[in-house]
Each structure stands twice: as structure tokens, then as C-alpha cells.
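Below is one structure; the comments refer to it alone.
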Amino acid sequence: MALIVQKYGGTSVGTIERIQRVAERIISYKKAGHQVVVVVSAMGKSTDVLVDMAKQLMPHPTEREMDMLLTTGEQVSIALLAIALQARGYDAVSLTGWQAGITTEDVHGKARISRIDNERMQRELAEGKVVVVAGFQGLSEAGEITTLGRGGSDTTAVTLAASLQADRCEIFTDVAGVYTADPRVVPAAQKLASISYDEMLELANLGAGVLHPRSVEAAKKYKVRLVVRSSFTDEEGTNVEEAADMETGRVVCGVAHDEDVAKITVVGMPAQVGTLSRLFNALAVNQVNVDIIIQSSYEAKATNISFTVSGSDLNKALDTLEANREELGFEKVEFEQGLTKISIVGAGMINNPGVAAQMFRQLAEEEISIKMVSTSDIKVSCVISAEHTAHAVRALHTIFQLDAKQMAVVHGVS
Ligand code: ADP
Ligand code: ASP
Ligand code: MG
């Protein structure tokens, strides 16, 4: 008998019929003698629908009320799944995040889980029940309902698996595993049999939406055996693990892209000690996350600083700069929206020089201009114009020999 944590994403529980199929799968695990804790997302695109409704009332609703609203989506799906299991004669109990003992930091919209008191879950499991937990939510120390950030149900599942010392955590989704690129953009993408935590963390952080980045962070930290697989088939998925078998010994394991990038250039900042610190401190105080940073001096007394932020943070960043104009002493601010960060990832890069050059050469051959570059041991990222995204992802996928002979199969989104 094993203890298994499973997570089903929005598409997988998008209709009553799909919830019934999920219930059947869970029952097959129960029949095999396993204990099962299930984490579910809100049905289909219902979280987006809730966001839209709030925005019709106010362009920037308060984060507290948004958390109150968005957590309702998961409450619908946990109750329906528990009912589907009970209808088949299996004992099941649905638990909200707070009933499951999930405590988070006191932040709305992107709270981190600080503690899990798993006593209630243990008790329900000991009574033979399937425990169905709402993903993406918790309760802060101050007693407020919080959410973990979009896509956060993956993180709920992995942290529950760590807390319960589960034998494994299975993420069931609408593709059959982690692919060498988003299979919706690259039909020739290949499913990886395994990938290391570090590579997966880079891919997730760089825009591969198949796993919430913090779920990978937690899996690595607590050594959770993590599997990503399809909720529509019985195909084997992808194991995310410590030292993944590097398979063919390839240098690049995947291409990721993030289409929500904006670039800001602060022109004519005084070139003095402390300039950078003042600028980025002002942005940090206002919760603006900065990604790639480039500083260039074009004359002795002044410097230009370019950096990227997510498109949704652009206005906040521009307002912050304007509010601090006097203290920062810059001449003017320029910005560009509609950019994509495209990245290649692979642990094999550490020992293979020339990978970045090959990426730049390929983009040049496709006549795609590179606006910014950032590198680490195991990734190279380039910022390009968003109109070239699909073309660039496919070209890099091909040049780094990731194309499969057979096309990837993607299941429909409800
Ligand atoms: P869920 O609702 O199950 O959490 P998501 O939409 O969050 O599902 O994640 C699955 C989606 O991630 C896929 O449909 C796919 O389009 C996208 N994706 C992006 N990059 C990758 C990748 N490298 N491998 C697999 N899927 C990817
Ligand atoms: N329902 C939430 C979202 O759509 C959380 C999740 O699906 O993981 O972002
Ligand atoms: Mg997801």
C-alpha cells in the first residue's frame, strides 16, 4: 500500500463527465490498495471567468476580495469530485485549504505556504476516505483566505506530498508529460521520460506552464517523487527527479517561452555609486519583479539602464519611476511592450561551449533581432519581438535536435 497525492488541473475536471473519469481513476488506485489524497483545480477556465467578472466592476479589485472570489472555484470542484466518489460507493471528504491545515504567509494573490498541519488529513485517511483538497488556497496567520498565485494547485499538491511523506505526487494534466517545448506551439515536441529538478525549475520559471515553478522548488527541496502525466490516457508520463538520466546526452533538453514581457529603459541616470541600488530598491518596495538587467554607459557622467518586467507589472513600474523621478535624477524613460523571452535550457550546456552562439546564429538566420540576452549555467534567454515567437521556438527546437518523428498529441481544452 502506498500513499499517493494526485493533482488534476482545470481541463481534467472541466466537465461533469471528466470529473466522473477522474473519480474512476482514483477508484482504480483505491482498488489497488493505495491511500489517495487528491488536489483539484477549479473547473475549466472558471478562474478566468471569476477574474473577468470582478474586472467588470473595477479595473484593479482589491487583492483580498479577489482571493475570496477565486478560492470559490476550487470549492466547486472538490465538492463535485467527492460527490462523484460517494456516488460510486467510495468514502470521500472534500477539504478547503484551511480545513486541510494549510497556513500561508500574510500576502494576497501569491502567498507562500508556511506550514501544513496534516492532522485532519491523516485522520480522514485512517478512516479509509479519499481526501479531496482544494488547490491554490490557504489561510494566513491573520485568518485571511489567501491564494498561491495562478497555477498554484501544483504547489499545493507537492507540499501536501512532502508533508504527508507520500510515496509520490502525480500531476495529471492535459498533455502526457513534460515536453521539449510547449506541444501546442511545437507539434514536433517530444515527451521527456525524465528531467532533473534543476532543468525543470528553469523551464518552469522561463514560461513552461506545465508546472508552477514553486511546485518544482518544493519537490527539489523535499525530494518529492514527482510525475507529470495525462488525465486522459494511461500513457507513462515524465519523472521529475534528482539526477535524471540524460538520455541521449543532449545538451539542450527544452525550449521555453514567456510572452508577457515588457522592456523599460531609464535614460540618463547619473553614473554614481548607489544609482542601481536606488532604482531597483524603489521598484522592489512597490512589488515590481525585475528580470533581465543591462547597464550601459554612453558618456562619463550618465548611464542607461534597461530591464524587463512582466507586461502586467509595466504600469506599476512606470508609475514607480515617475514617482521617484527627482530622487533618481534620470532624463527620460522609454518602454516597449509585446515582447517574448525565449529560452533554451539544458544541464549539458555547462560542459559545451558555443551553445549561446548557436542560438544567436539561428535567430539571425531567421532574421529575428535579439533585444536582450541573459544566461546562467544551464540556460540562455533572448528577448525578441512577440510576433516571432512561434517561428523562433520551432527554429530553435529543430536546430538543437529536439524534433520528434511523430507529432505530439494534445488533448482539447474545454
Ligand atoms: P493544468 O490545468 O492541468 O494545470 P496547465 O494549462 O497549467 O494545465 O499546464 C498544461 C499546459 O502546459 C499544456 O497544455 C501545454 O500547453 C503547456 N506547456 C507549456 N510548456 C510545456 C512543456 N514544455 N511541456 C508540456 N506542456 C507545456
Ligand atoms: N484555479 C487556479 C488557476 O486557474 C489555480 C490552478 O489551476 O492551479 O490559476
Ligand atoms: Mg497548471
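The values are calculated or read from the model by the stated rules, or taken from the named source; none is laboratory data. None of these values were measured; they are calculated from a predicted model. Note: ideal-geometry Cβ built from the backbone for every residue, glycine included; neighbour counts use all protein chains shown. For the accessible areas, the whole protein counts, side chains as well, though only heavy atoms, and no ligand, DNA or RNA atoms are used. Shrake-Rupley method; radii C 1.70, N 1.55, O 1.52, S 1.80 Å.
Quick notes on this structure:
- Remark: accessible surface ordering of Asp258, Asp377 (largest first) is Asp377, Asp258, probe radius 1.4 Å.
- When only alpha carbons of the chain are considered, Rg and Dmax amount to 22.7, 77 Å.
- Nearest 10 degrees, 0 to 90: helix 16-31 Cα axis against the chain principal axis: 60 degrees
- R0 of 51 Å, Cβ-Cβ distance Arg325-Glu144: FRET efficiency to nearest 0.05: 0.90
- Exposure of Arg115 as accessible area (Å², to 10), given a probe of 1.4 Å and all protein chains: 120 Å²
- Listed residue pairs exceeding 24 Å between alpha carbons, taken from Lys371/Lys405; Lys30/Lys221; Lys7/Lys45; Lys110/Lys191; Lys316/Lys341: Lys371/Lys405; Lys30/Lys221; Lys110/Lys191
- Which of His397, His60, His388, His212 is most accessible, then next, and so on - probe 1.4 Å: His60, His388, His212, His397
- Per-residue ³J(HN,Hα) for the range 353-362, Karplus 6.51 cos²θ - 1.76 cosθ + 1.60, θ = phi - 60°, Hz, x for Gly and Pro: x, x, 5, 4, 4, 5, 5, 4, 4, 5
- Relative contact order for the chain: 15 percent, from Cα pairs under 8 Å spaced at least 6 residues apart, divided by residue count.
- Along the range 119-136 the Karplus relation, 6.51 cos²θ - 1.76 cosθ + 1.60 evaluated at θ = phi - 60°, assigns HN-Hα couplings of 4, 4, 4, 4, 5, 5, 5, 4, 7, x, 8, 7, 9, 10, 10, 6, x, 6 Hz to successive residues, with x for each Gly and Pro.
- The three principal axes of the C-alpha atoms in the range 1-150 carry coordinate ranges of 49, 33, 18 Å, sorted with the longest axis first.
- Dipole magnitude of the chain about its Cα centre (Cβ charges: Lys, Arg +1; Asp, Glu -1), debye to nearest 20: 740 debye
- Computed accessible area, Val227, all protein chains, 1.4 angstrom probe, square angstrom: 20 Å²
- Around the amide H of Ser114, modelled in the peptide plane, lie the amide H atoms of Thr103, Thr104, Glu105, all under 5 Å away and 5 or more residues distant in sequence or on another chain.
- Of the residues Leu276, Pro213, Ser306, the one whose Cα sits farthest towards the positive end of the charge dipole of the chain is Pro213 (charges of +1 on Lys and Arg Cβ, -1 on Asp and Glu Cβ, taken about the Cα centre).
- Taking only protein heavy atoms and a 1.4 Å probe, the accessible area of the chain is 49% carbon and sulfur.
- Spherically averaged projected area of the range 274-357 from its Cα convex hull (nm²): 7.7 nm²
- The H on the amide N of Ala302, modeled in the peptide plane, is under 5 Å from the matching H of Ala271, each at least 5 residues off or on a different chain.
- Near Leu139, once Lys and Arg are set to +1 and Asp and Glu to -1 for all other residues with Cβ below 14 Å from its Cβ, the sum equals -3.
- With DNA, RNA and ligands ignored, accessible area of Lys332 (1.4 Å probe; Å², nearest 10): 90 Å²
- Mean accessible surface per residue for the chain, computed with a 1.4 Å probe while every protein chain stays in place, in Å²: 45 Å²
- Most to least accessible of Asp52, Asp234 (protein chains only, probe 1.4 Å): Asp234, Asp52
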